[in-house]
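Some notes on the structure that comes next.
Values in this text are rule-based calculations from the coordinates and carry no lab data. Just so it is clear, the model here is predicted, and its values are computed rather than measured. A quick note on method: Cβ atoms are made from the backbone with ideal geometry, for glycine too, and the neighbour counts reach across all protein chains shown.
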Amino acid sequence: MTEDKKRRPRRSKANLIECINNAAEDQIKKDGFSNVLVTDIIKRAKIEPAVFYNRFENLESFMSEFVKRYDYWFSDILKDVNSQATNSDNLTAILQHLFQELNNDSIMLELLRWEVANNNSITTRTAMLREVHILPLVTEFEARFKEKDIDIAALTALIIGGLYYLSLHKDRSPFSGIDINNENGSKRILNAIKYFIDKIYEEDKLYKEKISIADKLKEAGISDDIIHQSVWA
């Protein structure tokens, strides 16, 4: 080695971790979680192998730490909406925001893809944590529809599952003729979310109106059989 050989500037521990995370993120966006190698990360981060292995035992231990940055991603989606409100506008906003975030954040898409394709301790943890974050919100909406014949948890599960699939599928081909990679296709899905949720809440409104009519008929002395036939049949 010559005296005048340039040395890389010394980087802090925090800076090294940031470089490793950024390198991993870039590589995951390119190849997905399943295909990333330690050598890929090291090369992109411009570090020596020892720098990586001094901080992480292996790729699995690194990935376990790396994905924790995304453990609360669904909770982050709720920050811009009033998660305590159970009206149609709020549920629509949550689902529309989810769709937009999935389209804007390819790391989240790759994490979902990894969860579906690989059964390991990391993917199991991220999937279960997402469920933990979603359940309180589901409980709020279930309470809203408790007395109605509307399974809001199942209905929203179908919507969310559909949004996941549309986002994961978007670079393969259009779906039902809709390409969500362009503005028009994306807008159609956003409008469809609103339409679907509005219909659910219209059913809820109709149910309340029937309850009110039935109560008034009962107060007027109308028999239960006639009320059932005229209101609920």
Kirkwood hydrodynamic radius of the range 109-233, from inverse mean 1/r over distinct Cα pairs, in Å: 18.1 Å
Residue order, fewest to most surrounding Cβ atoms within 10 angstrom, among L168, L111: L168, L111
Charge sum, other residues only, whose C-beta stays under 13 Å from N118's C-beta, Lys/Arg counted +1 and Asp/Glu -1: -1
Mean Cβ neighbour count within 10 Å, used as a protection proxy, ranking 169-176, 180-187 highest first: 180-187, 169-176
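Under a Cβ-Cβ cut-off of 14 Å, what is the net charge of the residues other than R44 that fall near it, where Lys and Arg count +1 and Asp and Glu count -1?
For residues surrounding R44, the net value is -2.
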At q = 0.12, 0.25, 0.29, 0.30 Å⁻¹, base-10 log of I(q)/I(0) for the range 13-69 (Debye sum, equal scatterers on each alpha carbon): -0.22, -1.05, -1.46, -1.56
